[in-house]
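Student: Structure provided below as structure tokens; questions to follow.
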């Protein structure tokens, strides 16, 4: 991915899971990388593992965070993959605060960073990649408002693209949708356990005969591919599976 050589890449949620893989891949491709996350201990481990990566401990859901991140590094590529763990349970058993955790986490941080990308604005040719989820297409009956928030991230990419085009900003906004649950990630492991419990079957039974899932490394590669490939693919919402990238309506 030589197109990333010398580029500035900011990964929000960069300390673990897909974010960590994105940091690793971007750094290996020669980019200047800033990893943003809340947990200082994980960022310290990341900086030790990948010398040269910059880190910033911050809460991406706070209004003041975005300016601090963009002051530390104004990105050519911004990858938004921070994620709150949804509270699991039947809808009738959740409070509104529990139901809306991901709306006030993943979606709020995506909104704040996308809004700032338009208002600052980022330079022409910049790309913002929002990590969504296949749950936004198929639902997630054990995860409160998770699926709705993930669907809204897809709409957000489309809304922001319309504004970028209207204002002639030259910024590209895309949403990337991993299609299968990834049990090797924290949220995926929790999801597998939650679905298994809700269905009254074992984890092994739940996973049996399921289609192969994309790996976090494949998702990271797809995110960076969308940000750098030429010619650009048409559209703003894309899927990634074990077989590669695809467009979604």
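The values are calculated or read from the model by the stated rules, or taken from the named source; none is laboratory data. Note that this is a predicted model, so its numbers are computed, not measured. Quick reminder, even Gly has a Cβ in these numbers, built from the backbone with ideal geometry, and neighbours come from all protein chains shown.
Student: Which members of the stretch 100-117 meet the condition of being in a helix (DSSP H, G or I) and touching a strand residue (DSSP E or B) at 6+ places or on another chain (Cβ under 9 Å)?
Tutor: 106, 109, 110, 113, 114, 117, listed by residue number.
Student: Can you tell me how many residues in the stretch 133-153 are under 24 Å from residue 8 (Cα atoms) and in contact (Cβ under 8 Å) with a residue 60 or more places away in the chain?
Tutor: 0
Student: Do we find a residue being modelled with pLDDT of 95 or more, in contact with a strand residue (DSSP E or B) (Cβ under 9 Å, 6 or more places away or on another chain) and more than 11 Å from residue 82 (Cα to Cα) anywhere in the stretch 10-20?
Tutor: yes
Student: Checking residue 158 against (1) in contact (Cβ under 8 Å) with a residue 24 or more places away in the chain; (2) under 24 Å from residue 232 (Cβ atoms); (3) not in a helix (DSSP H, G or I), only one condition comes out false. Which one?
Tutor: (3)
Student: When you scan the stretch 196-211, how many residues do you find that are assigned to a helix (DSSP H, G or I) and out of contact with any helix residue (DSSP H, G or I) (no Cβ under 6 Å at 6 or more places or on another chain)?
Tutor: 6
Student: If you take just the strands (runs of 3 or more DSSP E) that sit entirely in the stretch 1-62, which of them hold at least 1 residues that are in contact (Cβ under 8 Å) with a residue 60 or more places away in the chain and farther than 24 Å from residue 100 by Cβ?
Tutor: 8-12
Student: Taking the conditions exactly as written (touching a residue at least 24 places away in the same chain (Cβ under 8 Å) and surrounded by fewer than 14 Cβ atoms within 10 Å (Cβ to Cβ)), does residue 194 satisfy them or not?
Tutor: So residue 194 fails the test.
Student: If you scan the stretch 66-91, which residues turn out to be over 30 Å from residue 142 (Cβ atoms) and either in contact with a helix residue (DSSP H, G or I) (Cβ under 9 Å, 6 or more places away or on another chain) or assigned to a strand (DSSP E or B) (or both)?
Tutor: Within the stretch 66-91, 66, 67, 69, 70, 75, 76, 77, 78 meet the criteria.
Student: Applying the selection to the stretch 190-219, what residues are closer than 22 Å to residue 24 by Cα and modelled with pLDDT under 95?
Tutor: The one that is closer than 22 Å to residue 24 by Cα and modelled with pLDDT under 95: 213.
Student: Here's another thing I want to ask about it. Taking residue 183 and the conditions (1) assigned to a loop (DSSP other than H, G, I, E, B); (2) more than 27 Å from residue 105 (Cα to Cα), which numbered condition does it fall short on, given that it satisfies the others?
Tutor: Going through the list (1) assigned to a loop (DSSP other than H, G, I, E, B); (2) more than 27 Å from residue 105 (Cα to Cα), residue 183 breaks only (2).
Student: Could you list, in sequence order, all residues of the stretch 57-85 that are at pLDDT 95 or above, surrounded by 19 or more Cβ atoms within 10 Å (Cβ to Cβ) and more than 17 Å from residue 25 (Cβ to Cβ)?
Tutor: If the condition is that a residue be at pLDDT 95 or above, surrounded by 19 or more Cβ atoms within 10 Å (Cβ to Cβ) and more than 17 Å from residue 25 (Cβ to Cβ), then 60, 65, 66, 69 are the ones that fit.
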